[in-house]
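Notes to accompany the following structure.
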Amino acid sequence: MKNNYVKLRIEGIDVYYKSYKALNNVSFEADPGEIISILGPNGSGKTTLLRTIAKILRPRKGVIYLDSKDIFEISDGEYSKIVGYLPQQTTIISPMKIFEIIALGRKPYVKWSLTNKDLEKIWEVIKLMGLESFVFREITELSGGERQRVLCARVLVQEPKILLLDEPTTHLDLRYQIEFLELFKKLTKENNLITIMALHDINLATRYSDKIILMKNGYIYAIGKPEEILTSETIREVFEVETEIIRNPELHIIIRGIVKR
């Protein structure tokens with residue numbers, strides 16, 4: 001991964017799907033080496049926010065800055081070298097080999113064909129993700145969890161400075177959920193990356209995040225350190241459930257006893 005880094009700043013963005021306002025005056029900053037988790041109920045705007053930072057959606061109001069530059073003034077080719085986006089759902093129907101899918105992540109760097117540098121990076125990530133044993137199998141032969149590891153690898157070979165992860169632990173069993181998040185934490189800290197991920201699991205978010213963004217109805221309800229903003233009151237207001245919160249010095253917070261209100 002690259003060692004140089006960038007800063008991300010979102011200022012007052014509104015995003016619409018036709019006449020529906022999906023994001024309302026969203027603002028926050030993300031610093032190098034920081035992991036931010038976005039939490040909120042379905043439809044709160046988590047995926048929309050990630051898609052907007054990924055330049056898939058364009059705000060009707062407000063600006064997203066990479067350092068001091070509006071991201072929509074940066075070419076798509078250059079932007080894809082900086083930002084890697086793992087969507088919540090990716091459909092791959094054609095029987096492509098695992099190696100071919102991962103190699104697609106080098107597209108921003110490839111002019112004519114893969115160079116030795118490209119191949120070295122691809123194999124480095126294949127080993128990092130533990131995919132050596134089935135790298136020449138077809139994607140259609142893999143389980144959901146194995147596919148998720150392949151798609152993560154495709155993002156990592158881009159060598160991004162910003163990782164946008166929409167439910168990265170989808171389809172993964174508990175072991176790989178922990179391994180994935182440990183890996184993202186290691187890469188983020190060692191390479192001064194920015195990692196922003198949407199999660200459903202509040203306990204995993206508290207364990208692996210420097211900052212939490214709580215979203216509700218398209219706006220940011222609260223933002224801050226997990227131990228500061230995740231309280232029974234805020235969870236009740238955002239998720240409409242009652243919780244019991246246990247403070248733990250190592251894991252920050254353990255939330256249990258969730259009961260429908």
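Structure notes:
- 0 to 90° range, to nearest 10: angle between helix 144-156 axis and the chain longest Cα axis: 80
- Each of residue 17 and residue 228 was given a label point 7 Å from its Cα along the Cα-to-Cβ line. The distance between the two points is 3.2 nm.
- Gyration tensor (alpha-carbon) shape descriptor, region 135-189, a/c threshold 1.5: oblate
- Answer label for semi-axes √(5λ) of the Cα gyration tensor in Å (calculated), chosen among (i) 26, 24, 18; (ii) 42, 24, 12; (iii) 30, 23, 17: (iii)
- Entries in 7/127; 55/97; 55/225; 55/107; 81/111 that, when Cα-Cα distance is taken, lie over 19 Å: 7/127; 55/97; 55/225
- When the Gaussian network model of the chain links Cα atoms closer than 10 Å, the mean-square fluctuations of 178, 246, 82 top out at 246.
- Note that region 219-230 has calculated 3J(HN,Hα) couplings of 10, 7, 7, 7, 8, x, 5, x, 5, 8, 9, 8 Hz, one per residue in order, obtained from phi through the Karplus relation 6.51 cos²θ - 1.76 cosθ + 1.60 (θ = phi - 60°); glycine and proline are x.
- The label-point distance for residue 174 and residue 63, in a model that sets each label 7 Å from Cα toward Cβ, rounds to 4.8 nm.
- CD proxy at 222 nm, helix term only [per DSSP H run n ≥ 4: -39500 (n - 2.57); per residue of the chain; nearest 500]: -9000 deg cm²/dmol
- Residue of 61, 189, 18 that the Gaussian network model of the chain assigns the largest fluctuation, springs spanning Cα pairs under 10 Å: 18
No value in this document is a laboratory result; all are computed from the given coordinates. This one's a predicted model, so the numbers in the text were calculated from it and none came from an experiment. Please note: Cβ atoms are built from the backbone with ideal geometry, for glycine as well, and neighbour counts cover all protein chains shown.
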